[in-house]
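Visitor: Right, I'll just put the structure down here and ask away after.
The values are calculated or read from the model by the stated rules, or taken from the named source; none is laboratory data. Because the structure is predicted, anything quoted here is derived from the model rather than measured. Cβ: placed from backbone, ideal geometry, glycine included. Neighbour counts: every protein chain shown.
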Amino acid sequence: MRTTAVSKPRAKAKKKVPPYTDIDQVLISEAKIAAKVKQMAAKISRDYAGKDVVLVCVLKGAVVFLSDLMRHLTLPCIVDYVDWSSYGSSTSSSGVFRILRDLEESVESRHVLIIEDIIDTGLTLHYLKRHIQGRNPASVKVVALLDKPSRRKIEARADYCGFEVPDEFVVGYGLDYEQKYRNLPFVAVLKPEIYAGRDTPPDRA
């Protein structure tokens, strides 16, 4: 399935979205997200027809994406959740991870789809795939709404990806900054002054 590349609009096309005063501009609209999620679900349903599927949602950011995606799936599936903590600051990963919530369902001989909100540095995805592969699944693949390849620290890719985004700190549709903005129905660029004092935009593992 083709990934849609998203460019940051020019300044003259910038759309303010009151009352979200911390938002610089909307990068991906609610309508575009809905259409892409439906398209991704249709392909997954075709590819995994007749297979024993477990959806593994990475907390907390992927919850909104998972909720919409699985309602469009036309195949039986089990849902489980994992939560990881990276040692380091709240916005910069050190690459050392601690499991806060592990899988409760057995994935042995099942086809696992890791549901991610965004692939940024690739560190979370690298360690999570390795962790799940140790449980002897039939296969492990990745479904990500967003991909930001410019921030990679390690090789990582999505088997199903919605949008490729530029090197901007994005929030909304489950993605947060300091636990805020998850409820926005679109994906937006956060104003740089919100995380002022950093040399580069914060990263996500």
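Visitor: Given (1) over 16 Å from the mean Cα position of the chain (by Cα); (2) within 26 Å of L190 (Cβ to Cβ); (3) assigned to a loop (DSSP other than H, G, I, E, B), identify the lone condition not met by D24.
Guide: Among (1) over 16 Å from the mean Cα position of the chain (by Cα); (2) within 26 Å of L190 (Cβ to Cβ); (3) assigned to a loop (DSSP other than H, G, I, E, B), the lone unmet condition for D24 is (3).
Visitor: Is there a residue being touching a Ser or Thr at 6+ places or on another chain (Cβ under 7 Å), touching a residue at least 24 places away in the same chain (Cβ under 8 Å) and acidic (D, E) anywhere in the stretch 105-118?
Guide: Looking for residues that are touching a Ser or Thr at 6+ places or on another chain (Cβ under 7 Å), touching a residue at least 24 places away in the same chain (Cβ under 8 Å) and acidic (D, E), one finds none in the stretch 105-118, hence no.
Visitor: Quick check on the stretch 91-137: of everything there that is at pLDDT 95 or above and among the small types (G, A, S), which residue is surrounded by the most Cβ atoms within 10 Å (Cβ to Cβ)?
Guide: S106
Visitor: Follow-up. What do you reckon, is L27 farther than 27 Å from R151 by Cβ, at pLDDT 95 or above and in contact with a strand residue (DSSP E or B) (Cβ under 8 Å, 6 or more places away or on another chain)?
Guide: no
Visitor: Only residues in the stretch 25-40 that are farther than 20 Å from V143 by Cβ count as the first member; pair them with residues that are at pLDDT 95 or above and not in a helix (DSSP H, G or I), Cβ under 7 angstrom, at least 6 apart or cross-chain, and list the lot.
Guide: As it stands, the answer is Q25/A188; Q25/V189; V26/F186; V26/A188; S29/F186, since those pairs meet every condition given.
Visitor: Okay, next question. Does G88 fit the bill of being within 19 Å of the chain's Cα centre (by Cα), of a type outside the set (S, T, Y) and modelled with pLDDT under 95?
Guide: no
Visitor: Scan the stretch 42-77 residue by residue and report those that are among the aromatic types (F, W, Y) and under 15 Å from the mean Cα position of the chain (by Cα).
Guide: F65
Visitor: Would you point out which residue out of V143, V96 is of a type outside the set (S, T, N, Q), free of Cβ contacts under 8 Å to residues at least 12 places away in the same chain and not in a helix (DSSP H, G or I)? Break it down stepwise before answering.
Guide: On the way: V143 fails: free of Cβ contacts under 8 Å to residues at least 12 places away in the same chain.
Answer to the check: V96.
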